[in-house]
């Protein structure tokens, strides 16, 4: 029997429906339930085969529990390590490199800091900020919002530099971004489940939450060409970020879908919010995903420590031993960042391929030296190693301008 745990907050309808649907489909072979945990021992044994996380972004104790469960081989939806590392500003930067349209965005220094941070702690910051240059880039009106988090919290529209300063002064220790405001013609929010299944939902962010007017069920809301592009961009983003459950929001202007929010690993799926049609769709899609992940162990996320906790069997020959070491090293090189994030445009991939080529040549030389029998005849000259990635770069001169200490208040 496979055991599924659902970790939730205040929401009711979606987790309850998900548990019911999984248990119906599981027929006793797969059982889903709400997780119940107290103090978690570091040597706790595996309790669940799969966990669906809906709340750990707000409760650090749950995030720690999920990371510990991952160590035992539990499948986590979504990956708690990447979720911990992710932020919206990085996402915008990545999306742009992946060819997805995004609004012009600037990361802003915090307004305030914790008490132990002094002026000397901030010597790397420019002061004062070039506020005029920033708004010249983003344009006005603009949206100021946290670089992390979601739920439309601490999000404001500013129409002038004075309004920007006024809002910025209230942000405290939050790190904020300033983003170009897209005067949209259309707006959609899209579910993406399993990095493949996409549901495009016409959505009006100007309507009040739970008004019943935010979501519209209109399959012809977008033209076929635009719907195809939106679907492609949604899959690209979710595969790059490695999220199995996410929503992506697009503000569409002049036929161009601008991705404005796509860090929603615990998206709203409440019946009263999204409506019956979308609620049922996402419940069925997540149920299918859970059962699929359980049935296909090869889809499990690989972590850096796997190569050490589950080493390859000892090889019989030197060549096999070196091959096993290379395999383990490659597996250990997998980071908490999902593998698809490495598939980015060729200008970045080229540099990495040159480095990998050098490394492969070095390993090949070493294997030849270990495995080839000794001989008095001189060996054939090896192929020269690639030097494309070794061109020395000219060092930049260090600035001699004294740094100005930053006062406690930006404005």
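The values are calculated or read from the model by the stated rules, or taken from the named source; none is laboratory data. Only a predicted model underlies this, so the values are computations on that prediction, with no experimental measurement involved. Every residue, glycine among them, receives a Cβ derived from its backbone with ideal geometry; neighbour counts consider all protein chains shown.
If you go through the stretch 267-277 and keep only what is touching a strand residue (DSSP E or B) at 6+ places or on another chain (Cβ under 7 Å) and buried (at least 20 other Cβ atoms within 10 Å of the Cβ), you end up with 267, 274. Just to be sure, is residue 243 in a strand (DSSP E or B) and either closer than 24 Å to residue 265 by Cβ or over 20 Å from the mean Cα position of the chain (by Cα) (or both)? No: the conditions fail for residue 243.
A quick yes/no check of all residues on (1) within 20 Å of residue 284 (Cβ to Cβ); (2) touching a residue at least 12 places away in the same chain (Cβ under 8 Å):
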residue: 205; (1), (2): no, yes
residue: 213; (1), (2): no, no
residue: 217; (1), (2): yes, yes
residue: 225; (1), (2): no, no
residue: 241; (1), (2): no, yes
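Within the stretch 94-114, identify whether any single residue is without any contact (Cβ under 8 Å) to a residue 24 or more places away in the chain and either over 30 Å from residue 64 (Cβ atoms) or exposed (fewer than 14 other Cβ atoms within 10 Å of the Cβ) (or both), and answer yes or no. Looking for residues that are without any contact (Cβ under 8 Å) to a residue 24 or more places away in the chain and either over 30 Å from residue 64 (Cβ atoms) or exposed (fewer than 14 other Cβ atoms within 10 Å of the Cβ) (or both), one finds at least one in the stretch 94-114, hence yes.
Kindly establish whether residue 198 is part of a helix (DSSP H, G or I) and in contact with a strand residue (DSSP E or B) (Cβ under 9 Å, 6 or more places away or on another chain). Steps first, please.
Working: part of a helix (DSSP H, G or I): no; in contact with a strand residue (DSSP E or B) (Cβ under 9 Å, 6 or more places away or on another chain): yes.
In short, no.
Taking the stretch 156-169, which residues are in contact (Cβ under 8 Å) with a residue 24 or more places away in the chain and surrounded by fewer than 18 Cβ atoms within 10 Å (Cβ to Cβ)? Within the stretch 156-169, 157, 161, 165, 169 qualify. Inside the stretch 187-220, residues that are closer than 15 Å to residue 272 by Cβ and out of contact with any helix residue (DSSP H, G or I) (no Cβ under 9 Å at 6 or more places or on another chain) make up a count of 4. Scanning the stretch 246-281 for residues that are in contact with a helix residue (DSSP H, G or I) (Cβ under 6 Å, 6 or more places away or on another chain) and either in a loop (DSSP other than H, G, I, E, B) or more than 17 Å from residue 231 (Cβ to Cβ) (or both) gives 262, 263, 265, 269, 270, 271, 279. Could you check, for the stretch 74-83, whether at least one of its residues is out of contact with any strand residue (DSSP E or B) (no Cβ under 7 Å at 6 or more places or on another chain) and surrounded by fewer than 16 Cβ atoms within 10 Å (Cβ to Cβ)? Among the residues of the stretch 74-83, not one is out of contact with any strand residue (DSSP E or B) (no Cβ under 7 Å at 6 or more places or on another chain) and surrounded by fewer than 16 Cβ atoms within 10 Å (Cβ to Cβ), which makes the answer no.
This table checks each residue for (1) at pLDDT 95 or above; (2) crowded, with 17+ Cβ neighbours inside 10 Å.
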position	(1), (2)
5	yes, yes
20	yes, no
43	no, no
49	yes, yes
52	yes, yes
66	yes, yes
